[in-house]
Amino acid sequence: MEQIRSFIAVELTDELKLALTRLQGRLKSGSQAPVKWVDPYNIHLTLKFLGNISTDMAGKITVALEEAVRGISPFRLEVKGLGVFPSLKRVQVVWVGLTGEVDRLSQLQRRIDSGLASLGFTPESRPFTPHLTLARVRDRATPQERQNLGQLIDSTGFETTGNFNVGSVHLMRSQLTREGAVYSRIGSVKLK
């Protein structure tokens with residue numbers, strides 16, 4: 001049985017991806033740290049990473065998603081603020097945050113996590129922190145390079161009119177290639 005690497009996500013608008021492209025450009029020009037930048041057209045809001053699944057599991061996952069979104073109507077989020085994991089002194093991941101109806105987003109994520117548990121997917125143990133990943137610092141980065149990147153991020157303002165509607169969730173396939181990950185939709189479920 002063929003295995004596919006997959007996750008559940010909300011896709012972004014092209015307008016928002018363009019704003020994130022500009023932000024990445026500003027950060028790239030000021031950073032010397034070895035960083036792997038996420039292709040802005042691949043940036044998405046991950047609700048649950050599934051790992052490798054068999055192709056016949058996709059239909060069952062889509063049914064579980066339909067059940068999880070039942071009773072949740074579309075809602076709005078706004079992209080706001082620049083941050084890092086785990087800290088500005090030891091940057092590993094660079095991200096932008098989300099505001100708006102994040103309580104509804106958290107409810108959606110919990111219901112998806114819970115609904116997929118019955119299919120054997122382990123519920124997430126860490127608290128859900130909604131964010132859009134812009135970059136990952138490579139392992140070879142020195143502590144000083146990580147700290148310098150943290151200072152750059154701390155001094156870089158990012159405000160955008162990046163509102164977007166969450167009107168559906170998608171089961172996505174991730175194919176790893178030499179050029180980076182290639183994402184494609186396997187299934188979609190609309191919020192009503």
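Computed from the coordinates by the stated procedures, all read-outs in this text should not be read as laboratory data. On a predicted model such as this, the values are computed, not experimentally measured, just so you know. Because the Cβ atoms are built from the backbone with ideal geometry, glycine has one as well, and the counts that use them run over all protein chains shown.
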Contact order normalised by length for the range 3-190, with contacts defined as Cα pairs under 8 Å and 6 or more residues apart; what percent is it?
34 percent
Give a quick list of GluC sites (Glu not before Pro) in the range 1-98 that DSSP marks as loop, anything other than H, G, I, E or B, with at most 10 other Cβ atoms within 10 Å.
2
What distance in nm separates the two pseudo spin-label positions at residue 42 and residue 80, each 7 Å out from Cα along the beta-carbon direction?
3.0 nm
Using a Förster distance of 25 Å, the FRET efficiency for residue 124-residue 73 (Cβ separation, nearest 0.05)
0.55
Just subtract the alpha-carbon distance of residue 165 and residue 99 from 0.36 nm times their residue separation and send over the number in nm, one decimal.
22.5 nm
What's the FRET efficiency of residue 156 with residue 190 using the Cβ-Cβ distance as r and R₀ = 45 Å, to the nearest 0.05?
0.80
In whole Å, what three semi-axes, largest first, describe the equivalent ellipsoid of the range 145-192 built from its Cα gyration tensor (square root of 5 times each eigenvalue)?
32, 22, 7
Ordering of 119-126, 136-143, 21-28 by packing [mean C-beta count within 10 Å, highest first]
21-28, 136-143, 119-126
Obtain the nm distance between the two label points defined at residue 176 and residue 63 by a simple spin-label model: each point lies 7 Å from its Cα along the Cα-to-C-beta direction.
3.1 nm
Cα extents of the chain along the three principal axes, largest first, in whole Å?
47, 37, 30
Out-of-range pairs (alpha-carbon distance over 28 Å; input 80/190; 36/89; 36/80; 36/192; 17/60; 28/89):
36/192; 17/60
Points 7 angstrom from Cα along the Cβ direction at residue 3 and residue 32: gap in nanometres?
4.2 nm
